[in-house]
Amino acid sequence: MPFQITGLIDSNSINLSLKGNNIDLDELAKTILINSVDESKKYEGKGMVNFNATINGLISNIEMPSIQADFSIINGTIKEVEKNLSLTNINLKGHYQNKQRNQKELLEFSKLSLQLLESTFSGTTIITDFAIPTFVGSMDGNIDLQSFHEFFKFQGVEFIDGNVEFSTQYSVKFPDIEYDPSVFNLDNTNGELKIVDVTYKGESDSLIYESISGDILLKGNDAATKNLVIKTRNSDLTLNGAIKNLIPFIEGNGSLGIIASIESSKLDINEFIAASKSSDIIAIPSVFKIPETIHLNIDLDIKQLLWESHQFNLIKGKLLLANHKVNINHFSLQALGGIIKGNLMLNNLLDQGNVVEGSLSLIKLNVRDLFSDWNNFDQGTITDKNLSGTMSGNIELLLFFDPYFQIIEDKMYINTDMKITNGALTNMETMRDVTAYMRSNKALKLTLNKHIDQFEDKLTNLKFSELTNSIEIKNSTIIIPKMLIQSNALDVEFSGWHDFDNNIEYHFSFRFRELKSNVDNIEFGRIEDDGLGWKIYLTMTGSIENPLYSLDKDEMKATLKESITEEKGTIKSLLKTEFGMFKKDTTVQELKTKTKSESFDFIIYEEEQSKDSIPGKSKNKKRSNKFFEKLKEKSDAEKEEIDDNQFE
């Protein structure tokens, strides 16, 4: 090799100059590795090397002389034969110096460009302190991910392709590069990564992520994403935002904070669930844990979200994650022909379980779609074939889960305040069972006789303008307070409970007058219901699979007692209004004077009227209010207060 060596060497010092121009790179490499023949056979090279070095200083056991070297490679190639790995188009200028009292150990590449595995790199790098090396420099390039993966076989990656263009300034320190080169510290890293059309699939993941593109900006410990797009077969996501404390988080220190927006035209959750279940590995149950080192503040804007058979549209809201808590605040979405708004919170208590609580507002949801979409809530009593209408209302919920995120049913609490408008309740088997019981009960059959068939037609075709109620779920039981279903055919009062084991207790009542198939008419027109009259009370107990029907005597007694109490209050209000009694009792309200449009017209039939005026009715006599007149006279005469209790 054409080396030129000049200088002096004696027992105390050395002063040499070494120069070499246009040295063959392959020859140089084999010369350097001459003491290791096996190693020298592993490499092939070509290209030209220029070399200029000096060695100056004292020779001793405790001090090295100063070494300074400048070198360059022109159009070089180095090939590792065994792995067929080549560095090509190597062009570099470098400088080396060893450690001295007044200088630090350093290897500098002031100019560096090469090609590796279909990828290009160019930049500058300075390496200091080889025992604990720090790499400082700048690098631009384009990485071909498929070529890198085919050679290096990235762990956990089945395949990856696409390109990453980068322009960075970096500082990387390896605390123990000899024994653990995977541990490093990143300091003062800035630059930009441009991801171009990347496709990725993990070894244990059936889902393929494709068309991954976007920009990642690096600044110090932080980063930012700009239009980072990730797509799958059915979904897409676009991420824009800031990533705080990224570098320490990668190093295993500190927490990661993300403040960003996520947009999606379509997000199919089923893809990700199916992918997680596709692995042949048997999953061992583990405690559900929200990472405490990740903090999120995400604005959501999702045009369409699919989950199981459900579809949600135009989802907007804010997702917050911190300290084992997830909050979804002020979210709104469109579903089931209406709008759902509200707030939800998940509190991850680790070994103590999990709590979900929230409040929801439902606005004009299609009831039939609601039941159909949620598989009739896993029951067959009322299905999408039976119920229709538009529902609005509010839901307050408090749900408890075990540490493995399995719901604890007996701790579930849900309170709903619902209103259904323009609704219909049709073709319910339960209603047919009611009329079947009426036919089997001798007393009811004797009383109703021919009306039962027509009553069944009414009962299985109820249409109502409005239905309101507050339904509560607690202690594994659905509790339905008494409600009045005012329909086109008849009014039905209904209440009861239904537990999660399908045990039931339902109460029905119908006004006898409405059970009749024909409406009574007289010569003056239709007879209107005065709200009075005999009711039939029925109860349904047992289980959904084997219900038992009977006359509901307890409900009848409770209603009667309630009616008596109400009547007593009405009488006292009448006396207070007409005669000034109970003035000191603030619980007794005066009756409001009815307006002309609200007043009732009473038809009084005189003796002279024909017996045929009201067929089947006895003659009516005019009545007077002498009883009340006497009470008033007595009240005026005595001029004293009357004890409330004598009118109880």
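The values are calculated or read from the model by the stated rules, or taken from the named source; none is laboratory data. These numbers were taken from a predicted model, which means no experiment stands behind them. Don't worry about glycine lacking a Cβ; one is built from the backbone with ideal geometry, like all the others, and counts go over all protein chains shown. What goes into the accessible areas is simple: the full protein's heavy atoms, side chains included, and nothing from ligands, DNA or RNA. Shrake-Rupley method; radii C 1.70, N 1.55, O 1.52, S 1.80 Å.
At 1.4 Å probe size, with every protein chain present, just tell me what the per residue accessible area of region 1-136 comes to in Å².
63 Å²
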Discussion item. With a 1.4 Å probe and all protein chains left in place, how much of the accessible area of region 111-251 comes from carbon and sulfur atoms, in whole percent?
Written reply: 55 percent
Response to the item:
So for region 156-223, using the alpha carbon gyration tensor with a ≥ b ≥ c as root eigenvalues (a/c under 1.5 gives rounded; past that, a/b versus b/c decides prolate or oblate), I'd call it oblate
Practice prompt. Could you quote the convex hull projected area for region 92-246, Cα atoms only and averaged over all directions, in nm²?
Written response: 10.8 nm²
Fill in: Relative contact order of region 191-335, pairs being alpha-carbon contacts under 8 Å that are 6 or more residues apart, as %
16 percent
Worksheet item: Just how far, in whole angstrom, is region 77-152 from region 444-485 if you go by their alpha carbon centroids?
Response: 82 Å
Worksheet item: Looking at region 282-317, which trypsin sites (Lys or Arg not before Pro) are DSSP coil and have at most 14 other C-beta atoms within 10 Å of their C-beta?
Response: K289
Discussion item. Are there any GluC sites (Glu not before Pro) in region 292-378 that are in a DSSP loop and have at most 16 other Cβ atoms within 10 Å? List them by number.
Written reply: E292, E308
Worksheet item: Restricting to lysine pairs 8 or more places apart or on different chains, what number in region 289-401 have Cα atoms under 14 Å apart?
Response: 5
Worksheet entry | In region 145-213, trypsin sites (Lys or Arg not before Pro) in a DSSP loop with at most 12 other beta-carbon atoms within 10 Å | K153
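Could you check how much of the accessible area of region 374-498 is carbon and sulfur, as a whole percent, using a 1.4 Å probe?
Here it works out to 51 percent.
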Fill in: Å² per residue, accessible surface of region 249-371 at 1.4 Å
56 Å²
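Which order do peptides 374-383, 238-247, 64-73 fall in by mean Cβ count within 10 Å, highest first?
238-247, 64-73, 374-383
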Worksheet item: If you take the beta carbon distance between Q169 and I269 as r and set R0 to 45 Å, what does 1/(1 + (r/R0)^6) give as a FRET efficiency, to the nearest 0.05?
Response: 0.65
Worksheet entry | region 458-513, accessible area per residue, ligands and nucleic acids excluded (1.4 Å, Å²) | 46 Å²
